[in-house]
Amino acid sequence: MFQKIENKIVARIAPLGLAIGLALGGVGVAGAASHGGGSVAGPYLTDAEGKTVFTGFSKCWKTVGGVATPVTECPNTPKGVEVNAFGCPLDTDRDGVADYMDKCPNSRPNARVNADGCEIVENITIQTTIDHFDFDSAELKPAMMSALDDVAAKLNASPGNQQVLVIAHTDSTGPEGYNQRLSERRAQAAADYLAGKGITNLSIKGMGESQPVADNGTREGRAANRRVEIVVK
C-alpha cells in the first residue's frame, strides 16, 4: 500500500520537476557530478533520469541553499569586478579581454586584438613579383610602395599599439648566403618605407630562400617565393 502511495507521489512530483527543468535545464539534485571531464563535489541539479543538468553554455548547475546557480568558473576574479552568471569577469565585446582590463571595450566582433583588448591589423603577406622588386634588387618599385601604403593606412587606423615585424624572402636563384643578405636588404627597405609613413615599433628579419611557399623550379613559383610578410603582434 505504501509503495503505491509513494509511486503516486513521485508521479505527481515529476511533472513539477519537469516544469522547473524546462526553466533550468533539468530537475533534481545529485550529490556529485561529472563536470569538465572529472568528478566535482555536488550537489548538482539532475533530470528525472539522474543525468547532470547543463546550461545552454555547457555549465553544470549547482544548488546553493536550494537555489540553482552555475558553477563558478573564475574563482580568482579580483574583488569588486563585475562578473557574469559563471563568476567570470564580463567581456562585453567578447574579444577575450575582460572589461575591467579592456582599453578598447567596443572592438568589432571576432577582431584580432592585443593584450589591452585593442584591435590590431591582421598579418599581411605581399607577393613580391617582378613588378614589385627587380631581380637581384632591394629597390622598392611603385607596386610594392602602393602595397605598403595600404599596410601603413591600416596600421595607422588601428588603435592597438602593435609591434610590426617585416620579414622578407627570396627565391633560390643564386648562392644561399647572398640570398640571405638580399632578403635582409629587402626587409629593411620595406621597413624604412613604413617608417616614413609614420609606423613605429618596427623590426626586420631576412629569411633568404629558407621558407619557400612554391616550387622554385618554375618561374611562377620563384615569383611567389619573393615576398614580404608584415607580422603584427
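The values are calculated or read from the model by the stated rules, or taken from the named source; none is laboratory data. Remember, predicted model here, so these are calculated numbers, not experimental data. Note that we place each Cβ from the backbone using ideal geometry, even for glycine, and neighbour counts take in every protein chain shown.
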Original post:
Residue check: is Ser183 surrounded by fewer than 18 Cβ atoms within 10 Å (Cβ to Cβ) and among the hydroxyl-bearing types (Ser, Thr, Tyr)?
Top reply: no
Subject >> Which numbered condition Val213 fails, given (1) exposed (fewer than 13 other Cβ atoms within 10 Å of the Cβ); (2) outside any loop (DSSP other than H, G, I, E, B) >> reply: (2)
**OP:** Go through region 199-227 and count every residue that is among the acidic types (Asp, Glu) and within 16 Å of Pro175 (Cβ to Cβ).
**Re:** 1
**OP:** Evaluate region 175-187: report whether one residue or more is closer than 30 Å to Lys103 by Cα, aliphatic (A, V, I, L, M) and more than 27 Å from the chain's Cα centre (by Cα).
**Re:** no
Original post:
Which of the residues belonging to region 102-144 are surrounded by fewer than 14 Cβ atoms within 10 Å (Cβ to Cβ) and part of a helix (DSSP H, G or I)?
Top reply: Pro142
**OP:** State whether the residues of region 80-102 include one that is outside the structural domain of Arg222 (by TED's automatic domain parsing) and either within 24 Å of Gln211 (Cα to Cα) or of a type in the set (Phe, Trp, Tyr) (or both).
**Re:** yes
Subject >> Among the residues listed as Ser158, Ser203, the single one being at pLDDT 90 or above and either surrounded by 14 or more Cβ atoms within 10 Å (Cβ to Cβ) or not basic (Lys, Arg) (or both) >> reply: Ser203
**OP:** Report yes if some residue within region 177-185 is in contact (Cβ under 8 Å) with a residue 60 or more places away in the chain and outside any loop (DSSP other than H, G, I, E, B); otherwise report no.
**Re:** no
**OP:** Look through Ser158, Ser137 and report the one residue that is assigned by TED's automatic domain parsing to the domain that holds Ile204 and closer than 30 Å to Glu82 by Cβ.
**Re:** Ser158
**OP:** Give Gly208, Gly174, Gly198, Gly160 a once-over and let me know the one that is touching a Cys at 6+ places or on another chain (Cβ under 8 Å), touching a residue at least 24 places away in the same chain (Cβ under 8 Å) and small (Gly, Ala, Ser).
**Re:** Gly160
